[in-house]
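Everything on this sheet refers to the single structure shown next.
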Number of protein chains: 2
Amino acid sequence: MNNETYSGHSAAEIVGITYRQLDYWASTNLIRPSAADASGSGSRRRYTYKDLLELKVIKKMLDAGIKLPKIRDVFAYMRDHVGTEIASAHIVIDGNSVILCDGDNLVDVLRHGQGVLNVLPLTGVREEVDNRIVSLSDRIRETEERVRAEAERAEESARLARESRGTAQGDA
Amino acid sequence: MNNETYSGHSAAEIVGITYRQLDYWASTNLIRPSAADASGSGSRRRYTYKDLLELKVIKKMLDAGIKLPKIRDVFAYMRDHVGTEIASAHIVIDGNSVILCDGDNLVDVLRHGQGVLNVLPLTGVREEVDNRIVSLSDRIRETEERVRAEAERAEESARLARESRGTAQGDA
DNA sequence: CCGGGTAACTACACGGGTGTAAGACGCTAC
DNA sequence: GTAGCGTCTTACACCCGTGTAGTTACCCGG
């Protein structure tokens, strides 16, 4: 299990949304960071891995053209009905209720549905989030290395400058 | 097949939407009346039965929390890909494409989907529209009868008034 | 031909979700 | 302690879909 926590901007970057969205969703109670919530200017939100998964689900639903109010309903429903851990293979939204399926019963559920059903396969979600996490941490590592190399180079040229001043002092 | 055409208000009434919505959808090109489009103030839109079915589909998608832009995409796609007559049992929206299924292939489609799938069973649509049509025409007939009865009663009392005036004229 | 009714059109308001920019605050390094 | 940076917060504006109200134009009956 992944016990890292992620900043707001990292989380947004990982799941592919804007910071504005993340912020709005937090302040309107769609999804708040589980590890650390905001408490005024300067405080820091920390999102857990599970939060990232939920964010990604929201993002996917949004991409599928589902309205935010509906998404709010879905998450409210899932939180009311505890034990709705995202471990299944599919989330199926049927009118006002949400069903978790793992492949076999999926067919039955679909047969009975009379309204519009929204079927969201979770398999891709975890993968995609994981991939973005590694590519993000890769980018961070690269950046750090580049910064360090830069610092070293600056240090080196400073040393050279000192030496040249030592050999040819007062050349101007 | 139903060859009637329906006014804007009737259509709205039948499919369960507001006239404002119908109007907006027509003016923004989501769905225009096939039988007669508007041509300025005072003109009359006429919707065909098929239009009603499409309107009902839109209504159902809306109820399912799907955003209007997405619905526009779906209908644009269906109109581009001619031969997309609504005869199948299900409409499945998979990302940018729309698939029509009739029960058997539905399962396969769902297995392969990686994004969110919106599954809309058409079975109910026709029924519901038909029911609303008959209940609407019932109401119209009732209203007409009530109006006629009212007129008769008025006629009757007018006759009585004439008679009484004839027997006791100048009683004031 | 004219008056009333109906329906389309226009205009305005409003709420939700998002973009953008500026302000406020805490943390860390020096 | 103070400078700077990252972050949350606030403020404003915009677009879309819809509600509401008033205006315009056609149609039909007299």
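The values are calculated or read from the model by the stated rules, or taken from the named source; none is laboratory data. No experiment lies behind these values; they were computed from the predicted model shown. Ideal geometry is used to build each Cβ from the backbone, glycine not excepted, and the neighbour counts take in all protein chains shown. Just so you know, the surface numbers come from the protein's heavy atoms only, side chains and all, with ligands and any DNA or RNA stripped out. Shrake-Rupley method; radii C 1.70, N 1.55, O 1.52, S 1.80 Å.
Annotations for the structure displayed:
- In this assembly of identical copies, the label point of B:Ser39 (Cα plus 7 Å along Cα-to-Cβ) is separated from its counterparts by 7.0 nm, sorted shortest first.
- Normalised by 2.2 N^0.38 Å, with N the number of residues, the alpha-carbon radius of gyration of segment B:10-103 equals 1.10.
- Near B:Thr28, once Lys and Arg are set to +1 and Asp and Glu to -1 for all other residues with Cβ below 13 Å from its Cβ, the sum equals +2.
- For the set A:Lys56/B:Lys60; A:Lys50/B:Lys70; A:Lys67/B:Lys60; A:Lys60/B:Lys70, the pairs lying more than 22 angstrom apart at their alpha carbons are A:Lys56/B:Lys60; A:Lys50/B:Lys70.
- Counted charge near B:Arg45, where neighbours are those whose Cβ lies closer than 11 Å (Asp, Glu -1; Lys, Arg +1): 0
- In segment A:1-94, GluC sites (Glu not before Pro) in a DSSP loop with at most 15 other beta-carbon atoms within 10 Å: A:Glu4, A:Glu85
- Ascending distances from the A:Thr18 label point to its copies in the other chains, with the point 7 Å along the Cα-to-beta-carbon line: 2.7 nm.
- A label point on B:Ser97, set 7 Å along the Cα-to-Cβ line, lies at 3.3 nm from each of its counterparts in the other copies, closest listed first.
- Contact surface A-B: accessible area buried, both sides summed, square angstrom, 1.4 angstrom probe: 1900 Å²
- Phi-based couplings in Hz for segment B:8-21 (Karplus 6.51, -1.76, 1.60; Gly and Pro marked x): x, 5, 4, 4, 4, 4, 5, 8, x, 10, 8, 5, 4, 5
- Segment A:12-52 - Debye-derived log10 I(q)/I(0), Cα point model, q = 0.22, 0.30, 0.35 Å⁻¹: -0.70, -1.25, -1.36
- Computed over neighbours whose Cβ is under 12 Å from that of A:Val109, the net charge equals -3, Lys and Arg +1, Asp and Glu -1.
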